[in-house]
Structures are given as C-alpha cells and as structure tokens.
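What follows is a short report on a single structure.
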Ligand code: MRU
C-alpha cells in the first residue's frame with residue numbers, strides 16, 4: 001500500500017481516493033472548494049482520524065489560497081470561517097482539531113509579518129504547512145510501525161478493528177503500519193478482520209489493504225470476535241484511535257470496547273497504535289470524549305437496500321475503551337504503558353522512550 005494515496009495536494013486541488021466506492025472501484029475526486037472538501041469528510045470520502053487531520057490541513061490551505069480578502073481583518077474572518085466549517089465535520093476525531101489549532105497558530109504568526117495588501121506569502125506558507133503535516137503523518141506511521149512490530153507475536157493470529165491503515169492516515173497506517181512492519185521484519189502473521197458494521201471499514205477497506213499487500217487475512221463478522229478470542233489462537237490485538245484522553249481511555253470505532261473486554265477475559269494483549277496528534281490531554285478521562293452519532297440509514301440500509309423495518313435506531317460511531325484494558329499505547333515517540341497520565345504526558349512533551357517488551 002505504499003503506492004495508494006488516500007489524499008494528495010496537487011496544483012489543481014486536493015485529490016481524494018473515494019473510500020465510499022472501495023473495494024469495487026478506485027476513483028479519485030479533485031476538490032477545489034474547501035466547503036466541498038469539508039462535506040467529503042462528513043460523507044466518509046476520506047475517514048480515519050489521522051487522514052481527517054491531513055484533509056483538514058489541506059482544506060484550510062485550499063480555502064485560504066482561494067481567498068479574495070483585501071485586508072488582514074477580512075482574511076482573518078475568512079480563515080476562522082474556514083476552520084469552523086471543518087470543525088463541524090467529525091466531532092470525535094481529535095486530529096481534526098489538532099490541525100485547526102496548528103493552522104491557527106501558524107496563521108497568526110504569519111499575519112504578524114504580512115505585507116499590507118498582499119497575502120501571497122501567507123497562502124504559500126499554509127500550502128507548504130499542509131504538505132508538511134502530510135509528511136509528518138507518513139514519518140509517524142513508520143515510527144509507530146517499528147515500535148509496535150516488536151510487540152507483535154513472532155507468528156500466529158493478530159486481530160484488528162475497523163480500518164487503521166494507509167487509507168486512514170495517508171502513511172502506512174497506525175495499526176496496519178504495525179502489522180506491515182511486523183510482516184516485513186519476518187513475523188508470520190494472519191490477520192483477523194471484523195467487518196465493522198455499519199460502515200464496513202473492516203470488510204471493504206482493511207481486507208482490501210491487506211490483500212493488496214498479500215498479508216494473509218481472515219474476514220469475520222463483528223459478532224464472531226468473542227468466539228475467535230476464546231478459541232482462535234489470537235496472540236495480540238492492535239487497533240487505531242480517534243481520541244485518547246490523558247488517563248489513556250481511548251475512543252475508537254464502535255465495537256472496540258467489547259473487543260478489549262473480551263481480550264482481557266481471554267488473556268490476549270490489546271494494543272492501541274496512534275500518533276501524538278490523537279492525544280487529547282485536555283480531557284482527564286474518556287467520559288469527556290464527544291461521540292459522533294451518525295445517520296440511522298447506515299444501520300437500516302446496506303448499500304441502499306433496506307434491511308430493517310422503520311424502527312428507532314442508534315448509531316454511535318465510536319466507543320471508549322477504558323485504559324485498564326489497554327496493554328500499551330504505541331506512538332511515534334515510543335510506547336506508553338500505565339499509568340498513562342505519566343507516560344502519555346511525557347511523550348506529549350517530546351520524550352522518546354524505547355519500545356517496552
Ligand atoms: O468512522 P471512521 O472510519 O473515520 O473511523 C475510523 C476509526 O475508528 C479508526 O480506527 C481510527 O480513526 C484510527 S485510524 C488510523
């Protein structure tokens with residue numbers, strides 16, 4: 001998957017691989033209007049917390065680069081409006097808000113030195129910054145992969161959840177990056193992939209990614225997770241994250257919490273792999289993480305075909321796994337273990353720790 005790019009900055013606009021059409025069709029869409037790019041994030045053309053962060057960074061750069069503002073106050077107002085548009089897309093994925101914060105700081109530092117009526121330098125710098133965010137994502141994934149691979153079993157089954165792969169980050173993936181580097185460095189693994197209803201990121205995206213890389217996999221339905229953890233020789237679980245609170249509580253795709261509890265019951269180590277940008281140390285615990293509620297039609301319909309009568313539906317896109325079920329959190333700066341308040345704050349402050357075994 002080093003050749004598949006879910007997102008790319010080009011002179012024509014921001015190019016996205018349309019993940020709604022995978023695995024059947026590989027179609028790229030070019031976005032020249034930031035509002036349409038924001039709508040694409042909401043509509044799952046691109047998804048996965050780190051990739052959403054890259055998309056927001058490129059979207060902000062795109063919006064500002066098309067601005068016709070004549071004065072700095074006008075440009076600042078437009079900048080804020082663009083950021084607010086992206087902030088309204090996906091509430092749980094904190095990489096989105098990380099990107100908005102980073103661009104707000106960058107904008108203000110550029111604005112201090114801006115020429116009177118010429119904002120070309122600001123526009124160029126924001127476009128460069130967006131591409132820098134993308135480069136950092138790729139580097140982070142490689143580092144996460146190297147740290148995490150050491151924690152994977154030498155052989156046997158590894159379970160994952162949803163899609164935390166190249167499609168979800170713009171690099172080699174977080175959880176799938178760990179798996180990729182483990183396989184590249186000689187681990188003989190078979191990946192158990194739950195389909196991940198209702199949006200089927202496991203069946204449509206993770207199965208496709210692993211198949212492209214010729215990594216052996218077995219696709220299962222979500223309700224088989226407990227059975228395989230009890231009987232299936234699973235040596236480890238590695239998943240991604242959408243937001244990690246200061247105490248290590250982790251929001252990830254709905255179903256992750258049940259997987260983690262069942263992992264504990266069956267003595268299977270449960271690892272989270274995520275970049276530092278997915279940490280939200282402003283939240284003391286996972287109880288404060290906002291959970292995105294998505295449309296009922298994702299549950300009542302499969303590929304546009306109604307599979308349920310018209311009834312009351314719940315569709316939380318994420319759940320929170322308490323830190324006590326997490327064996328370690330793998331970041332690009334090293335591996336954090338409990339107590340997470342200490343280990344995560346050290347990593348966030350820039351400390352590098354070697355991968356613990
Ligand atoms: O709703 P999605 O597809 O954006 O959810 C994605 C996940 O939950 C991923 O596991 C998470 O974002 C980590 S991706 C590296």
Against the longest alpha carbon principal axis of the chain, how many degrees, from 0 to 90 and to the nearest 10, is the axis of helix 49-65 turned?
10 degrees
Please report the spacing between the Cα centers of the stretch 1-37 and the stretch 63-83 in Å, no decimals.
25 Å
Using a Gaussian network model on the chain with a 10 Å cutoff between Cα atoms, which of 19, 112, 211 fluctuates the most?
112
Starting at 0 and stepping by 5 Å, how many percent of the alpha carbon pairs of the stretch 42-107 end up in each bin?
4, 18, 31, 23, 13, 7, 3, 0
Top of 149, 121, 61 by mean-square fluctuation, Gaussian network on the chain, Cα under 10 Å
121
Shape parameters for the stretch 287-332, alpha-carbon atoms, Rg then Dmax in Å:
15.8, 46
For the chain, average projected area of the Cα convex hull in nm²:
17.8 nm²
Once the mean 1/r over all distinct Cα pairs of the stretch 179-295 is inverted, what Kirkwood radius in angstroms do you read off?
15.4 Å
DSSP bridge orientation in the chain - percent antiparallel, rounded to nearest 5
50 percent
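Please report 109, 67 as a ranked list, fewest other C-beta atoms within 10 angstrom at the top and most at the bottom. Intermediate results must be reported in sequence, preceding the final value.
Details: 109 10, 67 16.
Ascending Cβ contact count within 10 Å gives the list 109, 67.
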In whole Å, what is the distance between the alpha-carbon centres of the stretch 252-273 and the stretch 286-323?
19 Å
Quick one: what Rg and Dmax do you get for the stretch 7-141 from the alpha carbons, in Å?
14.5, 51
Over what distance in Å are the Cα centres of the stretch 108-139 and the stretch 174-244 separated?
37 Å
Would you mind calculating the relative contact order of the stretch 7-141 from Cα pairs under 8 angstrom and at least 6 residues apart, reporting the percent as a whole number?
24 percent
Rounded to 10°, Cα long-axis angle of helix 256-265 versus longest principal axis of the chain
30 degrees
Which three extents, in angstrom, do the Cα atoms of the stretch 237-300 have along their principal axes, listed largest first?
36, 32, 20
Taking 8 Å as the Cα distance limit and 6 or more residues as the minimum spacing, I'd like the relative contact order of the chain as a percentage.
16 percent
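Where a number appears in this text, it was derived from the coordinates with a stated rule and is not lab data. A quick note: this is a predicted structure, and the numbers were derived from the prediction, not measured. Here Cβ is always computed from backbone atoms with ideal geometry, including for glycine, and neighbour counts include all displayed protein chains.
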